[in-house]
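Data first, discussion second: the structure below is written as structure tokens.
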Amino acid sequence: MSSYEYDEACVEAFLENQLQLLPEKVAGTYEEAEDFLESCMAIVCENKKEVLEYLEEEMDIVGMDEEEVLQAEEVFDIGDGRYLVVEG
């Protein structure tokens, strides 16, 4: 199930890759990154299926295949099978 809990891996994934979503960095420290994720209520999805289900409800992904969805600028691969969805 998707959640709003941000562990170290989630925050680090966003901190390292924030420019894929934003034109400039919004966070320079771990704490700033965590605050940003909380303020925009980023979602942690446990797997690809959850990402697809969440984005089907929240965004228009009709016609996009799984790979296109997972490569969307809002989707961050945490590296452990989970994904962070950040709607900036």
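Consider the range 29-41. How many of its residues are within 14 Å of the chain's Cα centre (by Cα) and in a loop (DSSP other than H, G, I, E, B)?
Final tally of qualifying residues: 2.
Which count do you get for residues in the range 9-26 that are of a type in the set (D, E, K, R) and in contact (Cβ under 8 Å) with a residue 60 or more places away in the chain? Walk me through how you get there before you give the answer.
At the first step, the residues of the range 9-26 found to be of a type in the set (D, E, K, R) are 12, 16, 24-25.
Subset that is in contact (Cβ under 8 Å) with a residue 60 or more places away in the chain: none.
Residues meeting the conditions: 0.
Do we have any residue at all in the range 81-88 that's open to solvent by 60 Å² or more (accessible area, probe 1.4 Å) and at pLDDT below 90? I'd like the intermediate steps shown before the answer.
From the range 81-88, those open to solvent by 60 Å² or more (accessible area, probe 1.4 Å) are 87-88; that's our starting set.
From what's left, at pLDDT below 90: 87-88.
Yes, that holds for at least one residue.
Search the range 22-48 for residues being closer than 17 Å to ARG82 by Cβ and aliphatic (A, V, I, L, M), and hand back the single one that is modelled with the lowest pLDDT.
The residue in question is MET41.
Quick one: which of VAL44, VAL26 is surrounded by 15 or more Cβ atoms within 10 Å (Cβ to Cβ) and under 12 Å from the mean Cα position of the chain (by Cα)? Talk me through it step by step, then tell me what you get.
Details: VAL26 fails: under 12 Å from the mean Cα position of the chain (by Cα).
It is VAL44.
Quick one: in the range 56-80, which of the residues that are in a helix (DSSP H, G or I) and in contact with a strand residue (DSSP E or B) (Cβ under 9 Å, 6 or more places away or on another chain) is least open to solvent (accessible area, probe 1.4 Å)?
Residues of the range 56-80 in a helix (DSSP H, G or I): 56-58, 66-70.
Right, trim to in contact with a strand residue (DSSP E or B) (Cβ under 9 Å, 6 or more places away or on another chain) and you get 58, 69-70.
On the way: GLU58: 98, VAL69: 2, LEU70: 19 Å².
The selected residue is VAL69.
Can you tell me which of (1) assigned to a helix (DSSP H, G or I); (2) touching a Cys at 6+ places or on another chain (Cβ under 9 Å); (3) of a type in the set (D, E, K, R); (4) touching a residue at least 24 places away in the same chain (Cβ under 8 Å) is the one GLU53 doesn't meet?
(4)
The values are calculated or read from the model by the stated rules, or taken from the named source; none is laboratory data. What you are looking at is a predicted structure, and each value in this text was computed from that prediction instead of being measured. Please note: Cβ atoms are built from the backbone with ideal geometry, for glycine as well, and neighbour counts cover all protein chains shown. Ligands, DNA and RNA are excluded from the accessible area calculation, which covers all protein heavy atoms including side chains. Shrake-Rupley method; radii C 1.70, N 1.55, O 1.52, S 1.80 Å.
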